[in-house]
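Inspection log for the structure reproduced underneath, given as structure tokens.
The values are calculated or read from the model by the stated rules, or taken from the named source; none is laboratory data. In this text, all values refer to a predicted model and were calculated from it rather than measured experimentally. Neighbour counts are summed over all protein chains in view; Cβ atoms, including those assigned to glycine, are modelled from backbone coordinates with ideal geometry. Note: accessible area is taken over every heavy atom of the protein model, side chains too, but ligands, DNA and RNA are not part of it. Shrake-Rupley method; radii C 1.70, N 1.55, O 1.52, S 1.80 Å.
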Amino acid sequence: MIEFEAMAGPLKLAGLDNQGSGQVVIGLHGYLDNAESLRVLAPYLSSCRYIAIDLAGHGRSSHRPVGTHYNQADYLQDLHWLIESEGWDNVILIGHSLGGILVTMYAALFPEKVKAVVSIDACGPLTESEETTQQQMRNALISRQGKSSSHRRTVNLDDAVKARCKISDMTTDHARQILMRNMITEADGNTCWCSDPKLRTKSILRLTEKQAQTLMESVTCPILFIGASASFKNLPHVYEQRAHWFESAQYEQFVGGHHIHMENSEDVGRIICQFVEQM
């Protein structure tokens, strides 16, 4: 895959592009990851134009301006701007974790633009009860303190890999692969984060379960949900509770952790390939 750049409104979105032809397939990664985490699916989408995007503030994509923050609705706006500006129709969307949430939400908001969705270790929006509204908003505003600067911070790759593996079920190799794209080597030889520190803040307000249901019931295209047996997301339970929200959904599960598409790329890639080819 080669580097990809396109404008989404005022922002530059970067990513990885297989330069294929035919069906457009767009990949969206998880929170604090980047397009590199979705590179492993490229061999299974060789018959398509497959582009894995760095979400704003991640990887090589632009940061949001100083004084602004990262909300799900803004990621959806970026995706819509990208699809509109590139003139794409009937796209297939693949998302992992946060990316999986975003692709189902986009399919709900713009069903005329989406042919099918693959959601890896995510099943619709994360929700909170309305009783938590005050606490959610308070915690979000507090989390933003000290995060307004986009000044580059130096980092040691080995230390960052150890820290990421300590709080996740990722392998060292996979963590290194992803983190390297979130870093840049400056002219002075120092390695710095190129991801935006403002990403490490809390959501200002999550949807309620009823709001999420209403939104997901607007999805009309087929959806393939992929779960992982050892993931903290507990997708089998979530899918069981939410399956009736979707007009046309199927669920497949594999043995492994949250980054199941990297851990078991052969089996996951094969079933995604089969799903895409049926569309």
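Of all residues in the stretch 49-58 being open to solvent by less than 10 Å² (accessible area, probe 1.4 Å) and in contact with a strand residue (DSSP E or B) (Cβ under 6 Å, 6 or more places away or on another chain), which is farthest from V117 (Cα to Cα)?
Among them, the one singled out is A56.
Let's see how each residue does on (1) at positive phi; (2) under 18 Å from the mean Cα position of the chain (by Cα):
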site	(1), (2)
G67	yes, no
D74	no, yes
D78	no, yes
M105	no, yes
P111	no, no
G124	yes, yes
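Of S37, S62, which residue is buried (at least 17 other Cβ atoms within 10 Å of the Cβ), among the polar types (S, T, N, Q) and within 14 Å of L16 (Cβ to Cβ)?
Numbers: S62 fails: within 14 Å of L16 (Cβ to Cβ).
One residue alone meets the criteria, S37.
Of all the strands (runs of 3 or more DSSP E) wholly in the stretch 25-134, which have at least 1 residues that are of a type in the set (K, R)? Talk me through it step by step, then tell me what you get.
Numbers: elements: 49-53, 91-96, 114-120.
Because the criterion is at least 1 residues that are of a type in the set (K, R), the strands (runs of 3 or more DSSP E) in the stretch 25-134 that meet it are 49-53, 114-120.
Can you name every residue in the stretch 71-85 that is among the hydroxyl-bearing types (S, T, Y) and either touching a helix residue (DSSP H, G or I) at 6+ places or on another chain (Cβ under 6 Å) or surrounded by 20 or more Cβ atoms within 10 Å (Cβ to Cβ) (or both)?
So in the stretch 71-85, the residues among the hydroxyl-bearing types (S, T, Y) come out as 75, 85.
Of everything in the stretch 71-85, just one residue is among the hydroxyl-bearing types (S, T, Y) and either touching a helix residue (DSSP H, G or I) at 6+ places or on another chain (Cβ under 6 Å) or surrounded by 20 or more Cβ atoms within 10 Å (Cβ to Cβ) (or both), namely Y75.
Which count do you get for residues in the stretch 1-20 that are among the acidic types (D, E) and under 13 Å from L38 (Cα atoms)?
If we filter the stretch 1-20 for residues that are among the acidic types (D, E), which is where we start, we get 3, 5, 17.
Restricting the remaining residues to those that are under 13 Å from L38 (Cα atoms) gives 17.
Qualifying residue count for the region: 1.
What pairs come up if the first residue lies in the stretch 90-112 and is farther than 10 Å from L79 by Cβ, the second is at pLDDT 95 or above and charged (D, E, K, R), and their beta carbons are under 7 Å apart, counting only those six or more places apart or on different chains?
Pairs found: N90/K115; I92/K115; H96/D121; S97/D121; G100/D121.
Pairs under 7 Å by beta carbon, first residue in contact (Cβ under 8 Å) with a residue 60 or more places away in the chain and among the hydrophobic types (A, V, I, L, M, F, W, C) in the stretch 231-258, partner open to solvent by 40 Å² or more (accessible area, probe 1.4 Å) and not in a helix (DSSP H, G or I), six or more apart or different chains?
Hits for this filter: W245/E217.
Only residues that are acidic (D, E) and either open to solvent by 70 Å² or more (accessible area, probe 1.4 Å) or more than 30 Å from I272 (Cβ to Cβ) (or both): list them for the stretch 111-142, please. If you could, list the steps in order and put the result at the bottom.
Looking only at the stretch 111-142, we keep the residues that are acidic (D, E), and these are 112, 121, 128, 130-131.
Of everything in the stretch 111-142, those that are acidic (D, E) and either open to solvent by 70 Å² or more (accessible area, probe 1.4 Å) or more than 30 Å from I272 (Cβ to Cβ) (or both) turn out to be E112, E128, E130, E131.
Say we look at the stretch 18-32 and pick out the residues that are touching an Asp or Glu at 6+ places or on another chain (Cβ under 9 Å) and under 15 Å from R181 (Cα atoms); which of these is surrounded by the fewest Cβ atoms within 10 Å (Cβ to Cβ)?
G30
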